[in-house]
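Encoded as C-alpha cells, the structure appears first; notes follow it.
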Amino acid sequence: MRGGKPRGSLGLCAIVIAAMATDLNPAQLDAVTTLSGPMLVLAGAGTGKTRVVTYRIARLIRNRVRPGRILAVTFTNKAAGEMRQRATELIGKRLKDEPEISTFHSLCVRILRRNIQHLGYPTAFAIYDRGDQESVARSALREIKVSDGKLRSGDLINFIGRWKTASVRPPQAAAMAETDKEHLAAAAYRRYQNALKAAGALDFDDLLLCTEDLFRRFAAVRKAEAGRFDHLLVDEYQDTNGSQYRIVKALAGKHRNLCVVGDDDQSIYGWRGAEVTHILSFKNDWPEAKVVRLEVNYRSTRQILDWANRLIAFNRLRHDKVLRAVKTGESPRILQLKDEDEEAETVVGEIALRIKTKRRKPRDFAILCRTNEQPRSFEMELRQRQIPYVLLGGMSFYDRKEVRDVLAYLKLLVNPRDEVSLLRIINVPPRGIGQASVQRLIDEAVGRGKPVWDVLPRAGKLGSLPPRAVEAVGEFREMVDRYRKQAKQASPKKIVSGLIREIGYRDELARLYTNTNDQEARWAAVEELVNAVGSYCSRASEPTLAGFVQDVTLFGDDDDKEKESLLKRNAVVLMTLHAAKGLEFPEVYMVGMEEGLLPHRRSVADAGAAIDEERRLCYVGVTRAERRLTLTLALSRRKWGKARPTDPSRFLYELTGQADNPNYASKGKKKKKPRGGKVVKKRDRSKPV
C-alpha cells in the first residue's frame, strides 16, 4: 500500500470496470456502481447475484477503498469460498491486504477470539459440534434425573437450538415454558450452559449469541469491531436470524455503507430461525436505502418462469418483482399416478429413456422431495435399472467414530478443560481406566467444583481407584502435557502423526473390527484426517494445532464439501427441496405434489406464514429447473401400510393459473385434479395431466 491506495491490481481492476458495461445488465450495473449508503439488492432466482457482489467488491477497490476495510458475509463455506475466489480473480493477487469474506460464524469466532474474555470465557475457547452437544445434553439430563422416555438428548438440543436462535437464555426459557417437556428442557438448558462455560466451550449458536452480548454490553468492543470496516456486504439476507440481524446493524450503524443481497421469495429456513421480516422491513430500518431489483433470469425458460411467477404472487407479504427469462423452451408437465410405486416407476423410467434416446447424462436429472422419507421408492427403482444416483445427506466424514476419537485428542491438547473430549478418550484405546474409575474422577471434580482435568493429579489420593487406574491416569496426563508442549513448536502434522502412533490407534481398530475391509476403511479415514492436517498446514500462514481444530469445527461439519463432491459425479441427484436451494439442473422432477406433503401437513392448518413458507419452498423447487420441469402426484399413498387417497397440492392450481377452480378452496372434500388433462394410465405415462 502507498498513500492508502491498493497497488498491483489497479490495471486489472480498470479492465474489469471497463468490461462492466457489457458483462452486466442495467440493474446489475446499478447495484455495482452505487457504492455509498444502505442498499437492498433484491436478487431473484438465477439473476446473477454472486456476480454483482464480486463486481461490487472490485468496484470499491477501484474507487480507492482499502481491501481490508471491506467485509462480505454469507451463510455457507461454499458461498464464501466462491465469492473469495471470484473476487480474487477480479482484483488480482498482488494486493497487500484482501477483503474479509467469510461466514457469519467465522466472523464471530474472530471477534470472540479478540474479546470473549469480557464474558468470562478463555480466548482459546473450544467450539462444540453436534456430537459434543449431545454428550453435554446427556450429562445435563442425568443431573436432573430425567430418563430418555421423558426427554431425549437430541430433543433437548433441538429445544436449546430454538431458544438460542430466538436469543432466549435459560432464565427466559424457564419463564416461557408451558408443557412438562418444556419445563424439563429449560431446567436442563441451565445445566447444559453451565457445563459449556465450565469447559471453556461454545456451541455454534453461542458464537452468535456471545458476539451479540459483547456488542450489547461493551460499547468499546462494539465500536472497535465496527471501526474495522467501512463497507459491509451481506449475502442471502433473507436467511438472517435475530442475532445475525442485530450484529449486522451494530457493525454498519456508523458508516451505513451496508449492501444486503437476497430474495424474500426464497426464504425457506424459518424452522431454523430465519426471519423473512428482516428483508421485508429493510427500508424501515434504513430509510435512505436504495432498492435495486434483479429480475432477468439466466437459468430457466420463459415457460418455467411463468409458472413460478404465478405461484409466488399468492404470497401477500413480499417485495413486488417478476422474473423475466432470456430463453424459451417446453411447457412444464403434471403427471398424476396411481400410487407412490407407480410414481417412482414412471419418473425413473422416463429418466432411463431420456438417457438412452436423448443422449442425456444422469447428472442432468434431479428428483426433489419434500420429506426425507420419499426417496426410498425412487432409490429402489434407480438401483433396479442400474442408474447411478446420489442421495444427499449421508453421514459426514467428521461424524465417523474413528475421526471423532482422534479429533477428541487434538481438542484436548488445545483445551484440557474440554470435558467432552477428555471423557471420550481417557480410556480409548483401553489403558486401564474403567468406567467406575472415570465416574469416581467425575464425582471428585463435581465435589470440588473443578474440571476433571484439574483433579487428575489427585487420582492417587482417591482411595477407591485401583493402583492400575492411578498409574494409567498419571501416564495419560503426562502424555497429554508432553504433546501440548510439543504443539507450541512442532508442526500440527507431526503432532497428529506422532500421537496416533503412540496411542496405537491402528491396533485399536484391529481389536474393534474383525473384518479386514472394515479395518482398512476406518484406518483410511484416520489417514484422511492426517491429510486434512497437511492441507491446512500448506494453506495457513501460521499453522497451529488450535487453528486446525477451529477450522475442522467450523468447516469440517459443513455439508457443502460433501455435497459438492457428490454433485460432481455423473449420477441422478435425489434430494430434499431445502437441500436444493442454490443449485440448478437441466431437468427437474418435483414429486409428491399433494396436500400434506407440499404443503406439509404441519403447515396446512396455518393459512398465513407457514403456508407462505411452503409456497416459497415450492417456488425454489420450480426455479431449480433450467430446461424441463415435471411435477408428479399420486392418487393414493400408503400410511402405516394402508393405501389412503390423496388430494392434489393447492400449489398445482396456483402454478397453472387455476386458483378459480372450486376444488382449490374446498375443505374436507376430495380435490379433483387441475383442469387440462387426464390421469396418466400405466400404459401411457408420457402424456401430461
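Things worth noting here:
- Selection status of residue 438, crowded, with 16+ Cβ neighbours inside 10 Å, within 34 Å of the chain's Cα centre (by Cα) and either more than 23 Å from residue 416 (Cα to Cα) or among the β-branched types (Val, Ile, Thr) (or both): no
- Of all residue pairs spaced 6 or more apart or on separate chains, those with beta-carbon atoms under 6 Å, a first member in the range 141-159 that is touching a residue at least 24 places away in the same chain (Cβ under 8 Å) and part of a helix (DSSP H, G or I) and a second member that is among the aliphatic types (A, V, I, L, M) and buried (at least 16 other Cβ atoms within 10 Å of the Cβ) are 141/188; 156/137; 156/185; 156/188; 157/137; 159/185.
- Yes/no for residue 650 being surrounded by 23 or more Cβ atoms within 10 Å (Cβ to Cβ), in contact (Cβ under 8 Å) with a residue 40 or more places away in the chain and of a type in the set (Lys, Arg): yes
- Filter result for residue 47 (modelled with pLDDT of 85 or more and open to solvent by less than 20 Å² (accessible area, probe 1.4 Å)): yes
- Any hit, the range 188-195, residues being farther than 24 Å from residue 240 by Cβ, of a type outside the set (Gly, Ala, Ser), open to solvent by 20 Å² or more (accessible area, probe 1.4 Å) and touching a helix residue (DSSP H, G or I) at 6+ places or on another chain (Cβ under 8 Å): yes
- Of the criteria (1) part of a helix (DSSP H, G or I); (2) under 30 Å from residue 611 (Cβ atoms); (3) out of contact with any helix residue (DSSP H, G or I) (no Cβ under 8 Å at 6 or more places or on another chain); (4) touching a residue at least 60 places away in the same chain (Cβ under 8 Å), which one residue 299 fails: (1)
- Screening the range 415-435 for residues that are in a helix (DSSP H, G or I) and open to solvent by 40 Å² or more (accessible area, probe 1.4 Å) and picking the one that is farthest from residue 121 (Cα to Cα) gives 435.
- Residue match in the range 69-92 (condition: closer than 16 Å to residue 206 by Cα and among the β-branched types (Val, Ile, Thr)): no
- The conditions of being under 21 Å from residue 36 (Cβ atoms), among the hydrophobic types (A, V, I, L, M, F, W, C) and in a helix (DSSP H, G or I) are not met by residue 79.
- Residue in the range 177-207 that is farthest from residue 156 (Cα to Cα), counting only those that are in contact (Cβ under 8 Å) with a residue 12 or more places away in the chain and not in a helix (DSSP H, G or I): 200
- Taken together, the residues in the range 271-308 that are at positive phi and open to solvent by less than 10 Å² (accessible area, probe 1.4 Å) amount to 0.
- Apart from one condition, residue 469 fits all of (1) open to solvent by less than 10 Å² (accessible area, probe 1.4 Å); (2) free of Cβ contacts under 8 Å to residues at least 40 places away in the same chain; (3) within 38 Å of the chain's Cα centre (by Cα); (4) over 20 Å from residue 522 (Cα atoms); the exception is (3).
- In the range 353-395, the residue that is nearest to residue 586 (Cα to Cα) out of those that are among the aliphatic types (A, V, I, L, M), open to solvent by 30 Å² or more (accessible area, probe 1.4 Å) and assigned to a helix (DSSP H, G or I) is 355.
- In the range 381-403, the condition of being polar (S, T, N, Q) and closer than 19 Å to residue 628 by Cβ is met by no residue.
The values are calculated or read from the model by the stated rules, or taken from the named source; none is laboratory data. Just so we're clear, the structure is a prediction, and the values are computed from it rather than from any experiment. Positions of Cβ are backbone-derived with ideal geometry, glycine not excepted, and every protein chain shown enters the neighbour counts. Ligands, DNA and RNA are stripped out before the accessible areas are found, and what is left, the full protein with its side chains, is counted by its heavy atoms. Shrake-Rupley method; radii C 1.70, N 1.55, O 1.52, S 1.80 Å.
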